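The next block holds one structure in the form of C-alpha cells; read it before the comments.
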C-alpha cells in the first residue's frame, strides 16, 4: 500500500467511526420517534440537493436555474446530454470536432473547470483532465434529469462550483419489474444500443443499465480524408433500501470506457494523424439518510469514490497517461426548527463537513520540454453552514457560508445569499442571489506536462464575486411562463493557461493581473400553444472580458456573445406519435488560430443547427423513431480549425417491457 493510500485509509477510519456510531445510535432511537405519516415534498416541486444543501421547492429558490427531464431526451432523441444542455440559458458548449471529441461546458462565460459537475451527487470533475468534466462521455440513455444552477456556488459545494453546478440524476427503478432496450444506426457508420432492467418493491429498489455507441465519425481537420471515430460503453447500477420508515440507504456505481481518435494540432491547425485517447471513468457512492423526531432532525452520511485514467497514443505509439483518484466523505445534519400549518419547514439550519482527498499521477515519455513523470496529492476540508428561512409563505431566504482548509493553499471563506418572493395572484416571482466563489489551480496547471505545456506550481487560486436578479412570470393559467435574469460577476487572479514562456520555450499558466468581468442577460420561455403542441425557447447575451495589463479588458475566446434556441414539439394520434423540431443558434466568437506562431486571434462565424426527430408507437411496447441532425447541412466550427459533422440521418426502435 502506497503512502497516499495509507493516508486515505487512516482518514476514512478516523472520520467515519464516530459518525457511523452516531448514526447507528440515532437509528435505534428513531424506532421510538418515527412517524409513519411523514412525507417528503413532491418531486415536481423540488430541485434535488443542487440549489441548496436540502431539497427545495421551486418557488423558494433564489438562484437562476434550469432543468431538463427524461421526456425531452426522448423527444429529441439526443445521444449526448450536451446537445440538450447547449439550449439552456447561460450555457455554451465547445466541441473539438465530431462526436466524442473533447466537449466543454461553460456557464455565463466562465471556464469549463469552474463549473462543478455531479452525477447523483458524486463530484466528477476529472482530476486527470484539468478539473473539467468531458461532456463527450455523457450519453443520455440512463439520464433521468439534469439540473443546472448558475452563479457562484462555492459556499455550498466548494472550489469547482465557482461559476455554477450541473447535477446529472440517473434513472432509478420506479415500478415493479420492468425493462427497456433500444437499437439505432445511421450516418457516419453509427451504431448505438443499450438496455435497462429494474424493479421496485415496498422497501427495495434496484436498476442496471448499459449502453454502447460506436461511430466512425468524420474528419476533424479541414483537409485530408481520415475519419476520427469514437466508442463509448457506459454501465450504471443503482440500488435503494428502506429498512425503517425513517431510514433510507442507497448506492450507485457507474463506469464509462471511451476511445476517441483525434488529429495532430500541437503546432498548427489539425492535420490527419493516427492519434487516440483511451478514457476510463469509475464513480461510486454509498449514502445513508436518517430522519428523527418527526422530521425535526435529518442526517446524511455518504462516501464517494472517483477513479479516472486518460491514456494518449500519438501516431499509434503510447505517449503518456494521466490518472486521478478522489475519495470523499461527507456528513450533513439539518434541524427543521419551525414548520407551518401544512408541515413545511420554515426555518432550517444545516451544518456539513466535506472531507476530500485527491491523488494525481502522470506518466509519459521524457521530452526536450521536461520530464512528465510525477505524483501529487491534495487534501481539503470544507465546513458549511446554511440557514433556510420563510418569513412569509411567499417569501424565502437562504444564507450560506463555507470555510475551506486546504493542504496546498491558504484557507478561504466563501458566502452566498438568495431571496425569492412569489406573487401568487399575478403568477409573478422575483428572485435574486449574490455570493463569492473560488477555484484552486488544477494539478495540470501546476504540474502537468504535455507536448509544449509546462506547469506553474506558484499559481494562486482564482476568486470571484457575483450577483443576479430575475423575474419569472406565469400567464394564461400557467400555459405560458417567461424567465428573465441579469447577472454580473468579477474575477480576480484569473488563470491564463496559454501564456508563452520565452525562457522555457513553451506555454505555461499564469495569474492575470487586474479584474476580469462577466455580465449578461438570460431569458427563457415555455408555452402550451394547443393540445399536444408546446414551444420552448431561450436567449443568452454574455459579455465576458479578461484583464490584460497591455490592452485592458479584452473579449475572451470561445464565448459567443449571443446564443438562442427554439424547440417545437407536437404529440398527436392519441399520444402515439411525436414530432420534434429544434433550432440552436450560436453567435460569432473569438478563438486562437495556431496555424501561425504566435497564434493569431480570429473570429468564428455564427451558425444555426436544426434537428428534426419523429417517433411512432406501433404498440404499447414498441416504438420506432428517426431523426435528422444538422438538417441544413451547416458548415461550422466550434474551435478554430476543428471541422464539425454535416447532415446525418438515424433510425431506431425502442422496446419497453
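Here are some notes:
- Scanning segment 131-160 for residues that are closer than 29 Å to residue 469 by Cβ and over 12 Å from the mean Cα position of the chain (by Cα) returns 151, 152, 153, 154, 155, 156, 157, 158, 159.
- Unique residue being surrounded by fewer than 16 Cβ atoms within 10 Å (Cβ to Cβ), out of contact with any helix residue (DSSP H, G or I) (no Cβ under 8 Å at 6 or more places or on another chain) and closer than 27 Å to residue 580 by Cα when the list is 480, 533: 533
- Count of segment 128-176 residues, restricted to those that are out of contact with any strand residue (DSSP E or B) (no Cβ under 7 Å at 6 or more places or on another chain) and surrounded by fewer than 23 Cβ atoms within 10 Å (Cβ to Cβ), is 1.
- Of all residues in segment 132-165, those satisfying the criterion of being in a strand (DSSP E or B), farther than 30 Å from residue 197 by Cα and touching a helix residue (DSSP H, G or I) at 6+ places or on another chain (Cβ under 9 Å) are 132, 149, 164.
Yes or no, residue by residue, for (1) in a loop (DSSP other than H, G, I, E, B); (2) touching a residue at least 12 places away in the same chain (Cβ under 8 Å); (3) crowded, with 20+ Cβ neighbours inside 10 Å:
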{"residue": "332", "(1), (2), (3)": "no, yes, yes"}
{"residue": "342", "(1), (2), (3)": "yes, no, no"}
{"residue": "350", "(1), (2), (3)": "no, yes, yes"}
{"residue": "356", "(1), (2), (3)": "no, yes, yes"}
{"residue": "363", "(1), (2), (3)": "no, yes, no"}
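- Strands (runs of 3 or more DSSP E) fully within segment 55-115 counting 2 or more residues that are more than 16 Å from residue 567 (Cα to Cα) and in contact with a helix residue (DSSP H, G or I) (Cβ under 8 Å, 6 or more places away or on another chain): 91-95, 103-107
- Unmet requirement for residue 641, which otherwise passes all of (1) assigned to a strand (DSSP E or B); (2) more than 18 Å from residue 189 (Cα to Cα): (1)
- Of residues in segment 283-300 being buried (at least 20 other Cβ atoms within 10 Å of the Cβ) and within 26 Å of residue 132 (Cα to Cα), the one nearest to the chain's Cα centre (by Cα): 283
- The set of residues from segment 572-585 being assigned to a strand (DSSP E or B), touching a residue at least 40 places away in the same chain (Cβ under 8 Å) and in contact with a strand residue (DSSP E or B) (Cβ under 6 Å, 6 or more places away or on another chain) comprises 577, 578, 580, 582, 584.
- Flag if residue 61 is within 24 Å of residue 589 (Cβ to Cβ), touching a strand residue (DSSP E or B) at 6+ places or on another chain (Cβ under 9 Å) and in contact (Cβ under 8 Å) with a residue 60 or more places away in the chain: no
- Selection count, segment 421-450, where residues are assigned to a loop (DSSP other than H, G, I, E, B) and buried (at least 19 other Cβ atoms within 10 Å of the Cβ): 4
- Some residue of segment 453-461 being without any contact (Cβ under 8 Å) to a residue 12 or more places away in the chain and over 30 Å from residue 90 (Cα atoms): yes
- Filter result for residue 523 (part of a strand (DSSP E or B), touching a helix residue (DSSP H, G or I) at 6+ places or on another chain (Cβ under 7 Å) and touching a residue at least 40 places away in the same chain (Cβ under 8 Å)): no
- Filter pass, residue 592 being in a strand (DSSP E or B) and more than 26 Å from residue 537 (Cα to Cα): yes
Just so you know, all these numbers are worked out from the coordinates, no wet-lab data involved. No experiment lies behind these values; they were computed from the predicted model shown. Neighbour counts run over all protein chains shown; Cβ positions are idealised from the backbone, glycine included.
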